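Shown next, in C-alpha cells, is the structure this report addresses.
The values are calculated or read from the model by the stated rules, or taken from the named source; none is laboratory data. What you see is a predicted model, and the numbers here were worked out from it, not measured in a lab. FYI the Cβ positions are ideal-geometry reconstructions off the backbone, even for glycines, and counts take in every protein chain you see. Ligands, DNA and RNA are stripped out before the accessible areas are found, and what is left, the full protein with its side chains, is counted by its heavy atoms. Shrake-Rupley method; radii C 1.70, N 1.55, O 1.52, S 1.80 Å.
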Amino acid sequence: MWAHRRWAKELSLGHVATILLGLSQLVGCGGGGSDGSAGATDPKGKPPTQTAPTDRRFRIVTTVAMVTDIVREVAGDRAEVIGLLGEGVDPHSYKPTREDVRQLSEADVVFYSGLSLEGRMGDAFARVGRTGKPVYAVTEDLPEDFLREPPEFAGHFDPHVWMDPSAWSRCVRFVAKSLAEYDAPHAAEYQTRGDAYCVRLKELDDYCRKAISSIPESQRTLVTAHDAFGYFSRAYEIPVRSAQGISTDSEAGVDDVNRLVEFISERKLKSIFVESSVNPRNLQAVIAGVKKQGHDVAIGGELFSDAMGPAGTYEGTYVGMIDHNATIIARALGGTAPERGMSGKLTESHAKP
Ligand SMILES: [Zn+2]
C-alpha cells in the first residue's frame, strides 16, 4: 500500500526545488569531499567547547528520523530530542525553514546524518557549529574504505548508510561516545543504552540476512525508485537496480526507464518497489513498459528509503523501518519471511506482498 499524500508532499517540498537547482545539486547530493575524505565534506566548526547543563535536560536537534531515533535511544531521559524531517520528506532536497534555523540555534547539541545527505542544510550546520556548540554527523567516524563510492558519483560517498544495520550500529556507538563527552557525569548511561540498542540492531541484521537469503536466486534483484539501497545490497547480497541515482535531484531519462524495462523483462522479475519519499511515476512508466513486452510485474510494496513511517508506529522507528523493508522485499520476491516481520509488530496492511 502506498500513500500518494506522502509523495505529493515530497513533490511540493523537494522536487520542484531540486529541478530548479539542476546540476549544482548533483555534486552536493552524492556525498564525500573533493579530497576524498569522508568527514571533510561535512561542515564542521571548531571543536565543540560547550558541555551539558547540570540544571536541566538538554535539547538535541536532529534531521532525518533515522538519526532522531538512534539519538533518542542513546540519550534516554537525559535529553529532549527534536527531529526536523518527518515522514515522507526527501532529505536530498530539503531546505531548512526559518523554524528549523531557530530550532538549530536553540539546540544544545545537533546530530545529522552527513555525507551530504542533507545537502542543503550544510550552511545552517556550519553557522551553529561556529558558536562552539557540538554539531556532529553520525557517520563521521566511519572509515573511508567502508563507504561506498559509486562510479557515477566518483569522489563522493553514498550517504545511505542506515540501510546496513551493522553500519548504523557503528553510528550508534559514535552518538554514545559524543554524548558521553558532552555530558561526562552520565557517560556510563550513554554507553549502556548504546550497547543495549546495538544488541537489537544485531538481531535486526541477522533477520535481514536470513530473510533476503531465502529469496530464490532467479528473483534476487531489488528494483527501486532511487539508488538508496547500495549498503543493503552489499550487506545482504542482493543486486540492486534503480530508475534514479544516489540523489533524487535528476529525473530518470527515457533510456534509464527502457534499460530497466529490458532488465525486468529478461529476468521475469515479479516485483519492483516504490519508496515513501520518492514520486512513483518513474516506476509506473517501467511497469507499463514491461507490460508492453508481455510480461507482468507488480509493485511489491512501498519501502522506506530516506524517511521512516508515521511517528508513533513501529514503522516509524529505525528497527521497524528496516524490518518492514526486508520483510516486504523477501515476501514479494518469493522468499520466506513472517507476514508481520521479525517480531510480529509490522502493520498488517504494509506486510502484504
Ligand atoms: Zn536518497
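So how far apart, in nm, are the two label points at HIS186 and ALA154 if each is 7 Å from Cα heading toward Cβ? Label at HIS186, label at ALA154, 4.8 nm between them. Accessible area per residue (1.4 Å probe, heavy atoms of protein chains only) ranks HIS156, HIS226 as HIS156, HIS226, with the largest value leading. Residue pairs exceeding 27 angstrom between C-alpha atoms, taken from LYS133/LYS202; LYS292/LYS345; LYS210/LYS270: LYS133/LYS202; LYS292/LYS345. If I stretch the segment between LYS202 and ALA288 completely, what's the gain in nm (0.36 nm per residue apart, minus their alpha carbon distance), one decimal? That works out to 27.0 nm of additional length. Pick out, in residue order, every one of the GluC sites (Glu not before Pro) in region 289-353 that is DSSP loop and has at most 16 other C-beta atoms within 10 Å; say none if there are none. Filter output for region 289-353: GLU339. Among the GluC sites (Glu not before Pro) in region 187-240, those placed in a DSSP loop whose Cβ has at most 14 other Cβ atoms within 10 Å are GLU237.
The chymotrypsin sites (Phe, Trp or Tyr not before Pro) found in region 268-353 include none that occupy coil by DSSP while having at most 11 further C-beta atoms within 10 Å. Taking 0.36 nm per residue of sequence separation and subtracting the Cα-Cα distance, how much length would be gained by fully extending the chain between GLU106 and THR49, in nm to one decimal? Computed gain between GLU106 and THR49 is 18.9 nm.
Between SER213 and SER343, the modelled label-to-label distance comes to 2.3 nm, taking each label 7 Å out from Cα in the direction of the beta carbon. When the solvent-accessible area of region 197-312 is split by element, carbon and sulfur atoms take up 50 percent of it, the probe being 1.4 Å. Accessible surface for region 198-353, divided over its residues, is 38 Å² per residue with a 1.4 Å probe.
Using amide H atoms built in the peptide plane, which far-off residues or other-chain residues are under 5 Å from VAL135 H to H? Answer set, sorted by chain and number: VAL110.
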